[in-house]
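Engineer: Got a structure here, written out as structure tokens. Questions coming.
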Amino acid sequence: MKRLLPALLLLLALCACAGTGEDAPTPGPAPEDIAQAVLDSQADPGGLTALEGEELRAYLSDGCGVDEDLWTGAAVYLASGVDGREVIVLRLAGAGAASAAVEALEAHRQARAGDFYGYAPDQAALLENARVVTADGYAALLACTDPDGAEAAFLAAVGEGAAAEVLNPGLDTGDFVPFDPPNEYDMSLYDTAPILSAWESGEEDGLSEKDAAILSACRAIFAEHVTEDMTDFEKELALHDALVDLGEYDQAVYDRDTPQGRPDNTNPYGMLVEGYGICLGYATSFQLLMDLAGVECITVVGAAFNSSSDHAWNLVRLEGEWYAVDPTWDDPIGAEELPPTMANQVRYEYFNVTSDYLRETDHQWDYQSVPEAEGTRFSWSGTGVLPE
């Protein structure tokens, strides 16, 4: 395959594990769910009405000055009469939409405060204290009686500021390379829930064109590589090999004109349909394949190269034990640089390894909030021979 072994090119590959382009939509929780979390944070959330359909679009466009091309989903809860409370949550159409959306919401907040100024000073004060916030692909106006609680609920709902679950409180991390998230790129995970639902139900009518293509590719992979009598390990191995053999690392990230690489290189569409991806594309594709196979798996968004470059990989659970898998680094590039016996072969150097091995090979992550991979029964021993 295509991963180059020379250290310089491997280093470039690590540094190029970028996220989506600036204008790519961000998957994540529904705006309605985020808005409901904000309302639930308030002592008295009653009296606000949800706007829907054309009424919602008209209010955002005409009432708030938020152009429809700035958002891909929205929730609006609005009080009536002499009541300035209002909750607006927008899923942004891309990183480039954030500043314009925030500017429009802030202008709307100030205009609303002016509407109440003088004759309803308590409501004007509520709007003066309202928050316009943005995080992780969302923007919001939070005009609530408890703005601190509303902002905290918003950030927790979108995943910003939410306390990570401590799974390994006794883990001694003193000798580990510190994990400091590079945050150079958007490392949001692609929402595969519609694909999983269609796989289970057989109903594909509601899928987007992109998700339908991903599902079709998955069906083809399973038909060729997976049988019903396989164990979870056998499924994992077969799908790991199929993924690495199918895709290639998106070398467009090395071009100064395309530092983000090609479209969809961070999600399963790029890898499974178009045949290319970077680390997050490999990891999210492997996650999807494991989910479809019924093998317990999680995606770890971490870093590499002394915590200076975003990176992602997976953990799988086999017979109660966790194993780490980095399909990106198992995909060799530059076959012309390899001995003939190794050219185009899948590698297993990062297949079912331990967390200790990842730490030794320049992976960093939130060590205490990710399960420790300690399993060895289904590991590659270092000789290239996989367990029977």
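The values are calculated or read from the model by the stated rules, or taken from the named source; none is laboratory data. No experiment lies behind these values; they were computed from the predicted model shown. In this analysis, Cβ positions are derived from the backbone assuming ideal geometry, glycine residues included, and neighbour counts consider all displayed protein chains. Please note that ligands, DNA and RNA were not included when accessible areas were found on the heavy atoms of the full protein model with its side chains. Shrake-Rupley method; radii C 1.70, N 1.55, O 1.52, S 1.80 Å.
Engineer: Looking at the stretch 284-300, can you tell me whether even one residue there is in contact (Cβ under 8 Å) with a residue 60 or more places away in the chain, more than 23 Å from residue 228 (Cβ to Cβ) and not β-branched (Val, Ile, Thr)?
Structural biologist: There is no residue in the stretch 284-300 that is in contact (Cβ under 8 Å) with a residue 60 or more places away in the chain, more than 23 Å from residue 228 (Cβ to Cβ) and not β-branched (Val, Ile, Thr).
Engineer: Can residue 80 be described as among the small types (Gly, Ala, Ser) and part of a helix (DSSP H, G or I)?
Structural biologist: Values: among the small types (Gly, Ala, Ser): yes; part of a helix (DSSP H, G or I): no.
So residue 80 does not fit the description; no.
Engineer: So residue 188 fits all but one of (1) open to solvent by 10 Å² or more (accessible area, probe 1.4 Å); (2) hydroxyl-bearing (Ser, Thr, Tyr); (3) under 24 Å from residue 321 (Cα atoms); what number is the exception?
Structural biologist: (3)
Engineer: Which residue pairs have Cβ atoms under 8 Å apart, sit 6 or more places apart or on different chains, and have a first residue in the stretch 171-195 that is among the aliphatic types (A, V, I, L, M) and a second that is part of a loop (DSSP other than H, G, I, E, B)?
Structural biologist: 171/372; 177/306; 177/307; 177/362; 187/19; 187/266; 189/27; 195/207
Engineer: Please go through the stretch 70-120 and pick out each residue that is touching a Cys at 6+ places or on another chain (Cβ under 9 Å) and polar (S, T, N, Q).
Structural biologist: none
Engineer: Those residues that are more than 16 Å from the chain's Cα centre (by Cα), open to solvent by 10 Å² or more (accessible area, probe 1.4 Å) and farther than 18 Å from residue 210 by Cβ, I need them from the stretch 261-308; list them, please.
Structural biologist: The answer is 293, 294, 296, 305, 306, 307, 308.
Engineer: Oh, and also: Could you look through the stretch 268-288, keep only residues that are touching a strand residue (DSSP E or B) at 6+ places or on another chain (Cβ under 6 Å) and assigned to a helix (DSSP H, G or I), and pick out the one that is farthest from residue 193 (Cα to Cα)?
Structural biologist: Initially, the stretch 268-288 is screened for residues touching a strand residue (DSSP E or B) at 6+ places or on another chain (Cβ under 6 Å), giving 270-271, 276, 279-280, 283, 286-287.
Within this subset, residues satisfying the condition of being assigned to a helix (DSSP H, G or I) are 270-271, 279-280, 283, 286-287.
Working: 270: 17, 271: 18, 279: 21, 280: 17, 283: 16, 286: 15, 287: 12 Å.
Going through the qualifying residues, I end up with 279.
Engineer: Looking at the stretch 125-145, which of its residues are open to solvent by 60 Å² or more (accessible area, probe 1.4 Å) and either over 26 Å from the mean Cα position of the chain (by Cα) or closer than 17 Å to residue 41 by Cα (or both)?
Structural biologist: If the condition is that a residue be open to solvent by 60 Å² or more (accessible area, probe 1.4 Å) and either over 26 Å from the mean Cα position of the chain (by Cα) or closer than 17 Å to residue 41 by Cα (or both), then 128, 129, 131, 145 are the ones that fit.
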